[in-house]
Amino acid sequence: MIKAIFATDLQGGMGNKGSLPWPHDKEDLLNFKQITTGHIVVMGSNTWLDPMMPKPLPNRVNCVFSNKPIEQNLARRLSGDYEVQIKQIQTRFPRNDIFIMGGKELYEATNDLVERVYLTRMKGNYWCDTRINLERYLSCFRIKSVKPGENCTYEVWDRVLF
């Protein structure tokens, strides 16, 4: 299954200067780890280059869309058409879920492939230079579950229209 996983503030803000705009949130990072461990994570080069992100994410197949080589071969480099590349990963790893994990361009370009969205809504609004239009992004999804967290709310959305 192809899934997206991301966090936003209450206005769809998701990034600032190449990193997360809110303070380190241990609970949210643990949630991300629990959901994605043992699966495949696909990201753009800016997400990969975020200095706050460990490289590679342990116990996951790390795939990065980039036109440049990936340092020390810590991840599989992908280039070209997003849909073609992700479908090739799906064919190669049929028993694993694929998680689109950023950035905004990759989320928007792969939206038609995504069957489930894991959305963390951080409480409050933050200074962001990157925002996603959640209403548009989630227009083909229906909310499946909502779970409150200490500093956020965890939502799961399933696709209803293809």
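Every number here is computed from the coordinates shown, using simple stated rules; none is lab data. Everything numeric in this text was worked out from a predicted model, so none of it was measured. Here the Cβ positions follow ideal geometry from the backbone for every residue, glycine too, while neighbour counts run over all protein chains shown.
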Would you work out which of 48, 138, 72 lies farthest towards the positive end of the dipole of the range 1-141, given +1 charges on the beta-carbon of Lys and Arg and -1 on that of Asp and Glu, about the Cα centre?
72
If you take percent of Cα pairs over 27 Å apart from the coordinates, which of (1) 50; (2) 31; (3) 18 do you get?
(3)
Need one word for the range 1-83: rounded, prolate or oblate. Basis is the Cα gyration tensor (sqrt eigenvalues a ≥ b ≥ c); a/c below 1.5 gives rounded, then a/b vs b/c decides.
prolate
Which value in deg cm²/dmol, rounded to the nearest 500, describes the helix-derived mean residue ellipticity at 222 nm for the chain, given -39,500 (n - 2.57) per DSSP H run of n ≥ 4 and division by the residue count?
-6000 deg cm²/dmol
Mind putting a number on the dipole of the chain about its Cα centre? Charges go on the C-beta only, +1 for Lys and Arg and -1 for Asp and Glu, and I need it in Debye to the nearest 20.
360 debye
Starting at the first residue of the range 14-28, write each ³J(HN,Hα) from the Karplus equation 6.51 cos²θ - 1.76 cosθ + 1.60 with θ = phi - 60°, in whole Hz, x for Gly and Pro.
9, x, 8, 6, x, 8, 6, x, 9, x, 3, 10, 4, 4, 5
How much length is gained on full extension from residue 68 to residue 133, taking 0.36 nm per residue of separation minus their Cα-Cα distance?
20.5 nm
In sequence order, what are the phi-derived ³J(HN,Hα) couplings for the range 116-124 according to the Karplus relation 6.51 cos²θ - 1.76 cosθ + 1.60 with θ = phi - 60°, rounded to whole Hz, with x for glycine and proline?
9, 10, 9, 10, 9, 9, 6, 5, x
Could you work out the relative contact order of the range 51-129? I mean the mean sequence separation of Cα pairs under 8 Å and 6+ apart, divided by the number of residues, in percent.
17 percent
Below 8 Å, C-alpha to C-alpha, sequence gap of six or more: please give me the relative contact order for the range 1-151 in percent.
42 percent
